[in-house]
Amino acid sequence: MKASNTQVQMRKGILEFCILHIISRGEVYASDMLEELTEAKLIVVEGTLYPLLNRLKTASLVSYKWVESESGPPRKYYSITSEGTNFLNTLDSTWKDLVQSTTLITSKQQRP
């Protein structure tokens, strides 16, 4: 078993949560999401982000609007829906519980 496989799965597991958090702060363009995720060392490619954004839209957790751009084609800006906000609040609670549980387990010293 390779650690890298587990690391990839751990990152994938929190990607949706992080994307919803980014969108919850206000309308955002996909490339700005990619930039923030990359800065946070959650490297994501467009081929991963766009299908995830489509799933979130299909689930009515996010919406988007097209905005004309002065320097090229129109841009799609994403925002969170009220249903998405409720969903994110549930995920926040779960995240806090998981962090607390994980910290409790990983902070214990090795038995003599």
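Before moving on, here are some points about what is shown:
- The angle between the Cα long axis of helix 30-39 and the longest principal axis of the Cα atoms of the chain comes to about 30 degrees, rounded to the nearest 10.
- With the simple spin-label model, which puts each label point 7 Å out from Cα in the Cβ direction, the SER60 to ASP97 separation comes to 2.4 nm.
- Within the listed set LYS76, LYS96, LYS65, the residue fluctuating most in the Gaussian network model of the chain (springs between alpha-carbon atoms under 10 angstrom) is LYS96.
- In this label model, SER107 and THR48 are separated by 2.9 nm, measuring between points 7 Å along each Cα→Cβ vector.
- Between the helical axis of 3-24 and the longest alpha-carbon principal axis of the chain there is an angle of about 50 degrees.
- Based on DSSP H segments of at least four residues, each scored -39500 (n - 2.57), the chain has a per-residue ellipticity at 222 nm of -21000 deg cm²/dmol.
All of the numbers you see were taken from the coordinates with simple rules; none came from a lab. On a predicted model such as this, the values are computed, not experimentally measured, just so you know. Positions of Cβ are backbone-derived with ideal geometry, glycine not excepted, and every protein chain shown enters the neighbour counts.
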